[in-house]
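Colleague: Encoded as structure tokens, here's the structure I'll be asking about.
The values are calculated or read from the model by the stated rules, or taken from the named source; none is laboratory data. These numbers were taken from a predicted model, which means no experiment stands behind them. As a convention, Cβ positions derive from the backbone with ideal geometry for all residues, glycine included, and neighbour counts pool all protein chains shown. What goes into the accessible areas is simple: the full protein's heavy atoms, side chains included, and nothing from ligands, DNA or RNA. Shrake-Rupley method; radii C 1.70, N 1.55, O 1.52, S 1.80 Å.
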Amino acid sequence: MKKNLIVFRVIFNRNTGSGHLYQNLALIEAINREVYDISVIINEFDQSTNLEFPSDILVFEEKDDLEYILDSLPNDYKNKFFINDVLDTSVGDMEIIKSKNFRIINIEDKGKGASLANLLVNSLYENTGLNKNELNGPKYNIFRDEFYAEVESINKPNIKYPILISFGGTDPQKLTESTIQLLLNMKEEFKVINPPHRSIEKSLYEKYLIKGKVNVAKEINTSRFVISSGGRTVYEANYLKRMSLVICQNNRELTHYCLKLPSVTNLGLSSSFNPTLFSESIKHLNEKIQENTTKLFHDSWLSKKDLVKLLLEKV
């Protein structure tokens, strides 16, 4: 019996960080390899970190022409699916993919090419109107494997736990350093996930950094609440029943659906960051953590397997 093919195309570089890669790796883990062959195209890869994939997956770097890569793949599959996770997809790229007879799923896309996808999944955005077949909202978020494991044993938030600072892989506005200093001034207990794709002043903040390989899910589950930018970390915190204090890195983050969750205190854009408001918000969250916060959290999430099944059936 002929197998099916799924091609993942993922943006991954120093500026975007590794979030897109890891969410697609989570999807790959849920796919039945007896039924589907998998290939991965790394878009805009800048060699910023090592890549590790299972040995049975073909991996391409998109320094080669996209059409050339697709033409190099075997063509004798029953069905062919293309999962496109590169932010703003161009019309030209979409036309190339469609010409190779793929059913296309675009993830977190607000580009002009989004209208040509068979399915658009924007868990971080409300309906964009870019595609007539669009899924929106937190239930469609893809978590890394560590979160699906950690959710089985959630710790109740406690004022004795440290605050967790996690501004993602790159933190271009250096919000990590800003929040560290403010929390030191407030004499708060905290821990820091060091942005893996840039260095901070470790000599000043060494004792607050989490050492070794970081299991972000476990760190969230042993935190009081999370300070982050306005991306996927907010969903991760909410999934593990933690409130979030958010400072957005850019205007795109300000449009993210996750900022509307009741668990979020949104301080707006980093360029207009207000230290006084930050301090007041920390005090407010410390008080709130001692109340019953159950109603603040979204509780309708799809499992990885259910999400994969839904995506492939929807196209």
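Colleague: Only one of 59, 35, 7, 40 is touching a Ser or Thr at 6+ places or on another chain (Cβ under 8 Å) and modelled with pLDDT of 90 or more; which?
Modeller: Details: 59 fails: modelled with pLDDT of 90 or more; 35 fails: touching a Ser or Thr at 6+ places or on another chain (Cβ under 8 Å); 40 fails: touching a Ser or Thr at 6+ places or on another chain (Cβ under 8 Å).
Among 59, 35, 7, 40, only 7 is touching a Ser or Thr at 6+ places or on another chain (Cβ under 8 Å) and modelled with pLDDT of 90 or more.
Colleague: Tell me whether region 148-167 contains one or more residues that are touching an Asp or Glu at 6+ places or on another chain (Cβ under 8 Å) and among the acidic types (Asp, Glu).
Modeller: No, every residue in region 148-167 fails to be touching an Asp or Glu at 6+ places or on another chain (Cβ under 8 Å) and among the acidic types (Asp, Glu).
Colleague: Answer yes if at least one residue in region 180-189 is out of contact with any helix residue (DSSP H, G or I) (no Cβ under 6 Å at 6 or more places or on another chain) and of a type in the set (Val, Ile, Thr), and no otherwise.
Modeller: no
Colleague: Follow-up question, since we're still on this one. Say whether the condition of being open to solvent by 70 Å² or more (accessible area, probe 1.4 Å), modelled with pLDDT under 95, under 22 Å from residue 124 (Cβ atoms) and outside any helix (DSSP H, G or I) is met by at least one residue in region 290-297. Give the derivation first.
Modeller: The initial filter retains those residues of region 290-297 that are open to solvent by 70 Å² or more (accessible area, probe 1.4 Å), namely 290-292, 294-295.
From what is left, the residues that are modelled with pLDDT under 95 are 290-292, 294-295.
Then drop every residue that is not under 22 Å from residue 124 (Cβ atoms), which leaves none.
No: zero hits.
Colleague: Just to be sure I understand the filter: pairs with C-beta atoms under 6 Å, separated by 6 or more residues or on different chains, first member in region 103-117 and touching a residue at least 60 places away in the same chain (Cβ under 8 Å), second member in a helix (DSSP H, G or I). Which pairs pass?
Modeller: That search, which allows pairs on different chains as well, returns 104/97; 105/311.
Colleague: Given the residues 139, 160, 132, which is the only one that is open to solvent by 40 Å² or more (accessible area, probe 1.4 Å), in a loop (DSSP other than H, G, I, E, B) and either over 26 Å from residue 213 (Cβ atoms) or in contact with a Cys (Cβ under 9 Å, 6 or more places away or on another chain) (or both)?
Modeller: Details: 139 fails: in a loop (DSSP other than H, G, I, E, B); 160 fails: either over 26 Å from residue 213 (Cβ atoms) or in contact with a Cys (Cβ under 9 Å, 6 or more places away or on another chain) (or both).
Matching residue, one of 139, 160, 132: 132.
Colleague: Residue 172 versus (1) open to solvent by 20 Å² or more (accessible area, probe 1.4 Å); (2) more than 26 Å from residue 297 (Cα to Cα); (3) more than 18 Å from the chain's Cα centre (by Cα): which is the lone unmet condition?
Modeller: (3)
Colleague: Within region 248-268, how many residues are part of a loop (DSSP other than H, G, I, E, B), open to solvent by 20 Å² or more (accessible area, probe 1.4 Å) and among the polar types (S, T, N, Q)? So that I can check it myself, show each step before the final result.
Modeller: Initially, region 248-268 is screened for residues part of a loop (DSSP other than H, G, I, E, B), giving 249-250, 255-256, 261-263.
Those still in the list that are open to solvent by 20 Å² or more (accessible area, probe 1.4 Å) too: 250, 255, 262.
Retained after the next criterion (residues that are among the polar types (S, T, N, Q)): 250, 255.
So the answer is 2.
Colleague: Given (1) surrounded by 15 or more Cβ atoms within 10 Å (Cβ to Cβ); (2) in contact with a helix residue (DSSP H, G or I) (Cβ under 6 Å, 6 or more places away or on another chain); (3) within 23 Å of residue 133 (Cβ to Cβ), where does residue 307 come up short, assuming only one miss?
Modeller: (2)
Colleague: Can you pull out every residue in region 163-190 that is assigned to a loop (DSSP other than H, G, I, E, B) and aromatic (Phe, Trp, Tyr)? Reasoning before the result, please.
Modeller: Pass one, region 163-190, residues assigned to a loop (DSSP other than H, G, I, E, B): 167-174, 186-189.
Answer for region 163-190, where residues must be assigned to a loop (DSSP other than H, G, I, E, B) and aromatic (Phe, Trp, Tyr): just 167.
Colleague: Sticking with this one: Would you please name the residue that is surrounded by the fewest Cβ atoms within 10 Å (Cβ to Cβ), looking only at residues in region 109-129 that are farther than 18 Å from residue 301 by Cβ and hydrophobic (A, V, I, L, M, F, W, C)?
Modeller: Among those residues, the one meeting the criterion is 116.
Colleague: Hey, another quick one. Given the conditions (1) at pLDDT below 95; (2) surrounded by 15 or more Cβ atoms within 10 Å (Cβ to Cβ); (3) under 16 Å from the mean Cα position of the chain (by Cα), and given that residue 145 satisfies all but one, which numbered condition is not satisfied?
Modeller: Evaluating residue 145 over (1) at pLDDT below 95; (2) surrounded by 15 or more Cβ atoms within 10 Å (Cβ to Cβ); (3) under 16 Å from the mean Cα position of the chain (by Cα) leaves (2) as the failure.
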